[in-house]
Amino acid sequence: MKKIVITGASSGIGMQLAKAYLVAGWQVIACGRDAKKLSLALGENTKNLQFCCFDLSNREEVIASTDQLNEIDLAILNAGTCEYIDEPKAFDSKLFERVIHTNVIGTGYCLEAVLPNIKPGGQLAIVSSSVTLLPLTRAEAYGASKAALDYLTRSLAIDLAPKDIDVSLIRPGFVDTALTQKNNFEMPSIITAEKAAQIIMQGITKRKQEINFPRGFFYTLKCLSLLPNALWRRIGINMIKPLK
C-alpha cells in the first residue's frame, strides 16, 4: 500500500485530496492543526487514515509530530494562509510576517520533516498559486510568499532528481475554499475543491513538473504576464477598487 502525507487536510483542497487518495486505496497521513477538525472533515475510524497534528508555524511541533513517518511515497505540502495588504502606506508588517512565516517558513519545516522519509522513486508536490504570474493589487504578502514557493520548488526539483524523487509545482487559480470565501472581489473561473483535487491527483499520477489550473485562466494570466511591465502596471492600477 502506498503512503501519502498531506498538509492542510482539515479543509479545502487538502481535505478533498485526502478523501480521493483514501478512495484510491492509499494509506493517508492527514496533517492539520486541530485533531477535531480533521475528524470532522475525514472521519475518526476511517480505514487507512492517520492524523498528524501540529502548528505549521512551530518547528518543534512539526518535527516532533512527524518523527514516526517513514517510507513515504508522496508528500503534498498544501497548508497555507492568505491575507491582503489593504493600505500600503500603513504597511502591516505583522500581517506580512504571518503570511511569509506560514506559507514559506512553515513549508520549510515540513520539508525538513518529510524529505528524509520519501522513498527513492517517490514524489513531492508543493502548492503555490497562479498569483505568481502577475503582481496584483493587495497581494504583496500572499504573492511574495507564493513566488518564494515557486523558486523553492523548482530548485528542489533540480537537487532531488539525483535522489530519484520527482517534484511537482502546483499553481491553482481560484478554488472555492474557506479562504477564498472571505474574498470580497470577483474570482473568475473559480472551481470546486473537489475538481481541484481531481486535477492535482491526475497531474501527480503523470508525474508532471507543473500542474496549472484552470487551464484557460492560467494561460490568460500567462499571456498577460508577457506584456511590458509598464503596460501591466497601468492595467493593475485600474483594477484597484475601494474596499467595501
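No value in this document is a laboratory result; all are computed from the given coordinates. Note that this is a predicted model, so its numbers are computed, not measured. We place every Cβ from the backbone using ideal geometry, glycine too, and count neighbours over all the protein chains shown.
Residues that are over 27 Å from Ala157 (Cβ atoms) and of a type in the set (Phe, Trp, Tyr) within region 167-191 comprise just one, Phe185. Against the numbered list (1) in contact (Cβ under 8 Å) with a residue 60 or more places away in the chain; (2) crowded, with 16+ Cβ neighbours inside 10 Å; (3) among the acidic types (Asp, Glu), Glu140 comes up short only at (1).
Annotation: of all residues in region 213-234 being more than 14 Å from Ser129 (Cα to Cα) and not in a helix (DSSP H, G or I), the one that is farthest from the chain's Cα centre (by Cα) is Pro228. For residues in region 192-232 being without any contact (Cβ under 8 Å) to a residue 60 or more places away in the chain and charged (D, E, K, R), which is farthest from Gly25 (Cα to Cα)? Top of the filtered list is Arg215.
Matching residues to (1) over 19 Å from Gly14 (Cβ atoms); (2) surrounded by 22 or more Cβ atoms within 10 Å (Cβ to Cβ); (3) touching a residue at least 40 places away in the same chain (Cβ under 8 Å):
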site	(1), (2), (3)
Asn78	no, yes, yes
Ser93	yes, no, no
Gly121	yes, no, yes
Pro135	yes, no, yes
Thr153	no, yes, no
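For Ile170, the conditions (1) part of a strand (DSSP E or B); (2) surrounded by fewer than 16 Cβ atoms within 10 Å (Cβ to Cβ); (3) hydrophobic (A, V, I, L, M, F, W, C) are fulfilled apart from (2). Sub-6 Å Cβ pairs linking a first residue in region 19-30 that is buried (at least 17 other Cβ atoms within 10 Å of the Cβ) to a second residue that is assigned to a helix (DSSP H, G or I) and of a type in the set (D, E, K, R), at least 6 apart or interchain, number zero.
For region 197-244: of the residues being under 21 Å from Asp176 (Cα atoms) and among the small types (Gly, Ala, Ser), which is surrounded by the fewest Cβ atoms within 10 Å (Cβ to Cβ)? So, considering only residues that are under 21 Å from Asp176 (Cα atoms) and among the small types (Gly, Ala, Ser), the one surrounded by the fewest Cβ atoms within 10 Å (Cβ to Cβ) is Gly216.
Looking at (1) surrounded by fewer than 16 Cβ atoms within 10 Å (Cβ to Cβ); (2) in contact with a helix residue (DSSP H, G or I) (Cβ under 7 Å, 6 or more places away or on another chain); (3) farther than 26 Å from Ile158 by Cα, which one does Glu60 not meet, given that it meets all the others? That leaves (2) as the condition not met.
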